Amino acid sequence: MKPLEEKQLSATYKYKGRIINVRLDEAQIANGNKAWREVVEHPGGVGIALEDNDGKFFMVRQYRYGISHETLEFPAGKRELGENDLLTAKREIVEETGYEGKNWIYLGEMVPTPAYDSERIGMYYAQVDKYVGQHFDEDENIILEKYSLDELVDLIMKQEIIDAKTIAMTFMVKELKNKK
């Protein structure tokens, strides 16, 4: 075993849901001791920084039940079974903004809470293309807004944007644009 590697000895599912599963694992750590690990299994998703022709980015404002708080985030969505990240991003951006994207750039992947959650988020930048119409999921209630990159940085620094993927993507897009 590698110096930091942990080996799963057993797994017991405590909950199986529509989006997540929760399991309790017994693991062997590198020094030979055993430890309990709680794991949230999540299919993963994507976040999309979609820029319009005026240099503004589409953002979604929505209520997040898990934190009992309204958030401002880049459009995002859950990966469907067998779907790759780019296909998920292209589907989600139309659903939430009504626009297709073009000139897609993969920004990388982030893991929001690696201590206990398997979720991985693919991050993308795209430029706005043609309008084809929004179609929210039946459980979505969002307000679409637009902000410049500088406005987004200000909102992050004021703690008005607290979503991890949005914070990471804002600074990644800013750096991408600074290098052009």
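The values are calculated or read from the model by the stated rules, or taken from the named source; none is laboratory data. What you see is a predicted model; the values in this text were computed from it and never measured. In this analysis, Cβ positions are derived from the backbone assuming ideal geometry, glycine residues included, and neighbour counts consider all displayed protein chains.
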(Q) With the structure loaded, tell me whether GLU95 is over 30 Å from LYS146 (Cα atoms) and either outside the structural domain of MET169 (by TED's automatic domain parsing) or surrounded by 12 or more Cβ atoms within 10 Å (Cβ to Cβ) (or both) or whether it fails that test. (A) no
**Q.** Selected residue (criterion: modelled with the lowest pLDDT) from residues of segment 138-159 that are acidic (Asp, Glu) and surrounded by 12 or more Cβ atoms within 10 Å (Cβ to Cβ)
**A.** GLU140
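Check whether at least one residue in segment 161-179 is part of a loop (DSSP other than H, G, I, E, B) and more than 17 Å from the chain's Cα centre (by Cα), and report yes or no. Walk me through how you get there before you give the answer.
Within segment 161-179, the subset part of a loop (DSSP other than H, G, I, E, B) is 161-163, 179.
Filter once more, keeping what is more than 17 Å from the chain's Cα centre (by Cα): 179.
Yes - at least one qualifying residue is present in segment 161-179.
So for segment 108-117 (the condition being surrounded by 15 or more Cβ atoms within 10 Å (Cβ to Cβ) and touching a strand residue (DSSP E or B) at 6+ places or on another chain (Cβ under 6 Å)), does at least one residue qualify? Don't jump to the end; show me each part of the working.
We begin by selecting, within segment 108-117, every residue surrounded by 15 or more Cβ atoms within 10 Å (Cβ to Cβ); these are 110, 117.
With touching a strand residue (DSSP E or B) at 6+ places or on another chain (Cβ under 6 Å) added as a condition, the list becomes 110, 117.
Taking every residue of segment 108-117 in turn, at least one turns out to be surrounded by 15 or more Cβ atoms within 10 Å (Cβ to Cβ) and touching a strand residue (DSSP E or B) at 6+ places or on another chain (Cβ under 6 Å).
Of everything in segment 127-153, what is closer than 13 Å to PHE57 by Cβ and charged (D, E, K, R)? Give them in sequence order.
Of segment 127-153, the ones closer than 13 Å to PHE57 by Cβ are 127-128, 144-153.
Residues satisfying the conditions are GLU145, LYS146, ASP150, GLU151.
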Q: Could you check segment 1-117 for strands (runs of 3 or more DSSP E) lying wholly inside it with 2 or more residues that are over 17 Å from GLU140 (Cβ atoms) and touching a Leu at 6+ places or on another chain (Cβ under 8 Å)?
A: 7-16, 21-28, 34-41, 99-110
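In segment 118-149, what count of residues is obtained for those that are part of a strand (DSSP E or B) and not polar (S, T, N, Q)?
Taking segment 118-149 first, the residues part of a strand (DSSP E or B) are 121-131, 142-148.
Filter once more, so that each one left must be not polar (S, T, N, Q): 121-126, 128-131, 142-147.
The number of residues fulfilling the criteria is 16.
Within segment 6-34, which residues are among the small types (Gly, Ala, Ser) and at pLDDT below 95?
At the first step, the residues of segment 6-34 found to be among the small types (Gly, Ala, Ser) are 10-11, 17, 27, 30, 32.
The answer is ALA30, GLY32.
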